[in-house]
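Below: one structure, written as structure tokens.
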Amino acid sequence: MFTIEHEFDATVVTLVDEGEAPLEEDVTVIAFEDCVTVEQYDPVTDRVMKITMSFAQLRDLDAALDLPEGVYRLRLEDDEDEEEGEA
């Protein structure tokens, strides 16, 4: 399950883990104008852990989820993403 909220300066997507235990803590993805942050509460440290990615890194992550093992560089060509690389 997930929720989407549009705030003044960001879009916030919260991913809620469902199913059988053990369940993971909610993941919050916050898209700002120039970056994306991913946050998740860590019960071991009792802190919210946060990473910040550029939109280029997010684009690369999206592509990486559908590619086999290897080294890749995405390039924009005629407004289309193309993958290049070798496994």
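The values are calculated or read from the model by the stated rules, or taken from the named source; none is laboratory data. What you see is a predicted model, and the numbers here were worked out from it, not measured in a lab. Glycine also receives a Cβ, built like all others from the backbone with ideal geometry; neighbour counts cover every protein chain displayed.
Checking the condition in contact with a Lys or Arg (Cβ under 8 Å, 6 or more places away or on another chain) and more than 23 Å from LEU74 (Cα to Cα), which residue from GLU7, GLU39 passes?
GLU39
Read through the list (1) in the same structural domain as VAL13 (by TED's automatic domain parsing); (2) out of contact with any Lys or Arg (no Cβ under 8 Å at 6 or more places or on another chain); (3) within 24 Å of THR3 (Cα to Cα), then give the number of the only condition that LEU61 fails.
If we test LEU61 against (1) in the same structural domain as VAL13 (by TED's automatic domain parsing); (2) out of contact with any Lys or Arg (no Cβ under 8 Å at 6 or more places or on another chain); (3) within 24 Å of THR3 (Cα to Cα), just (1) comes out false.
Could you list, in sequence order, all residues of segment 17-73 that are modelled with pLDDT of 95 or more, part of a loop (DSSP other than H, G, I, E, B) and among the small types (Gly, Ala, Ser)?
If the condition is that a residue be modelled with pLDDT of 95 or more, part of a loop (DSSP other than H, G, I, E, B) and among the small types (Gly, Ala, Ser), then SER54 is the only one that fits.
Output the residues belonging to segment 8-46 that are surrounded by 10 or more Cβ atoms within 10 Å (Cβ to Cβ) and charged (D, E, K, R).
Correct list: ASP17, GLU24, GLU25, ASP26, GLU39, ASP42.
What number of residues within segment 1-15 satisfy the criterion of being assigned to a loop (DSSP other than H, G, I, E, B) and among the hydrophobic types (A, V, I, L, M, F, W, C)?
Summing the residues that are assigned to a loop (DSSP other than H, G, I, E, B) and among the hydrophobic types (A, V, I, L, M, F, W, C) in segment 1-15 gives 3.
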